[in-house]
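> For reference, the structure I am asking about is given below.
FYI, it's all coordinate maths here, none of it is from the lab. Fair warning: this is a prediction, and the values are worked out from it, not measured in the lab. Here Cβ is always computed from backbone atoms with ideal geometry, including for glycine, and neighbour counts include all displayed protein chains.
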Amino acid sequence: MNGQLIRELETLGGEILPASLKDCDEIVINQPDFSARIALWGGHLVSFVPTGQADLLFQSANEGADTRFGRRHFGVPICWPWFGAHEKHSDYPAHGLARYFRWQLAEVGRFKNEDVKIVLRLASEDHPLIEEMWPQAFELRQVFRFTKDGFSINFSAANLSEKSMSISEALHTYFHVGDNKATSVHGLDGGIYVDKLAKNARKQQEGAVTPFECLDSVYLESPDVCEIHDSEFKRKLIVSSEGSQSTVLWNPGPELAKQRSDMEDEDYRHFVCVETANALNDSYEIKPGDMHQLRLNVSVVPTES
């Protein structure tokens, strides 16, 4: 790894540490107001802990299958260039390719207001297996911004090929909550969603989403801002997005969690997935030479209940 980048990381209170996750290193940053961890495998933001609070992100203790495309449930996985199962190849990994390959540290520094900046890069040309499964050349970047109040991820995808790319995607965020039954999601009232647990029936949301259990719903043309109210941790997470038309809500609930080999039986109680996405009818194309950006911003506000 570039020695200059490592030195710049050290000036931010950061370091590169070996991790057991697919034999890839992790970037660890410690600041007076927060700590953060980023796994180079998959470019996952693993953890963000504001000082004195519980982690904003959930991490399962279950390591899943020890294979190239074995999934784990934690942090903010990148689902790209397809969301869910591949339409034509059932043997291709769920939720695309970006989460299953090693990313490179590309830049370290601060924004003008002194927020911490970390940039990761994934290029298709660096991984022959990607080129076998997705022949169109691309470059992905993630710009992480960390503050005392939360974090943001600016995810960009550049089409370096001569053909348009059909894309569905998500920032599949596992938000850490004290109790999913005591958690509600606000801001989707009146929205139309596809209920994947009811044979893709289209429904209309009424009020807040609660309790947050046994859900697999894609909200189409969803608003740019929603809120997660967590009465157990006494905080509100404000989730805003740009470049996203869909919001996906997911929690397996107790029965489906027990059927999964890549999740502990009680994991479902401690996370809610509120995903910034472009899925189903909201999929899109990136023309040759063009780029698309998907931005997620998360801020935390303490509450009394």
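> Under a straight-distance cross-link criterion of Cα-Cα below 24 Å, which lysines are reachable from K203, leaving out those fewer than 8 residues away in the same chain?
K181
> Treating only the Cβ atoms of Lys and Arg (+1) and Asp and Glu (-1) as charged, compute the dipole magnitude of segment 3-302 about its Cα centre; round to the nearest 20 debye.
220
> Continuing with this model, one more query. Just want the answer: with Cβ charges of +1 for Lys and Arg and -1 for Asp and Glu, which residue in F212, P93, T11 is farthest toward the dipole's positive end in the chain?
Positive-end residue among those listed: T11.
> I would also like to ask the following. What is the set of long-range amide H partners of S35 at a cut-off below 5 Å, with H atoms built 1.01 Å from backbone N?
Result for S35 returns V49, T51.
> Next question, about the same structure. Give the residue from I228, S152, F48 lying farthest towards the positive end of the charge dipole for the chain; charges sit on Cβ (+1 for Lys and Arg, -1 for Asp and Glu) and the dipole is referred to the Cα centre.
Result: S152, furthest along the dipole toward the positive end.
> In whole Hz, with x marking every Gly and Pro, tabulate ³J(HN,Hα) for segment 280-285 from phi via Karplus 6.51 cos²θ - 1.76 cosθ + 1.60, θ = phi - 60°.
6, 5, 9, 5, 8, 10
> Of the listed peptides 196-204, 50-58, 268-276, what is their order by residue-averaged count of other C-beta atoms within 10 Å, with the highest listed first?
So the order, starting with the most tightly packed, is 268-276, 50-58, 196-204.
> Work out the charge dipole of the chain with +1 on the Cβ of Lys and Arg and -1 on the Cβ of Asp and Glu about the Cα centre, then indicate which of V301, V274, S166 is farthest towards its positive end.
Projecting each Cα onto the dipole axis, the largest value belongs to S166.
> Expressed as cubic angstrom per residue, what is the convex hull volume of the alpha carbon set of segment 31-162?
Given the Cα convex hull of segment 31-162, per-residue volume reads 117 Å³.
> So what is the relative contact order of segment 3-302, in percent, for Cα pairs below 8 Å that sit 6 or more residues apart?
The value is 17 percent.
> Here is a follow-up. Looking at the chain, I'd like the Rg to Rh ratio, where Rg is from alpha-carbon atoms and Rh is Kirkwood's inverse mean 1/r.
We get a ratio of 0.94 for the chain.
> Assuming 0.36 nm per residue, please report the length gained on full extension of the stretch K88 to L197 beyond their Cα-Cα distance.
Between K88 and L197, full extension yields 37.1 nm more.
> Any idea how far apart I6 and T210 come out in nm if each label point goes 7 Å out from Cα toward Cβ?
My value for the distance between the label points is 4.9 nm.
> Further question: Which of the aspartates and glutamates could a cross-linker bridge to K234, judged by Cα under 12 Å and excluding same-chain residues fewer than eight apart?
Hits, sequence-local ones excluded: D179, E304.
> Under 5 Å between amide H atoms, partner at least 5 residues away or on a different chain: which partners does G43 have, H built in plane at 1.01 Å?
W103
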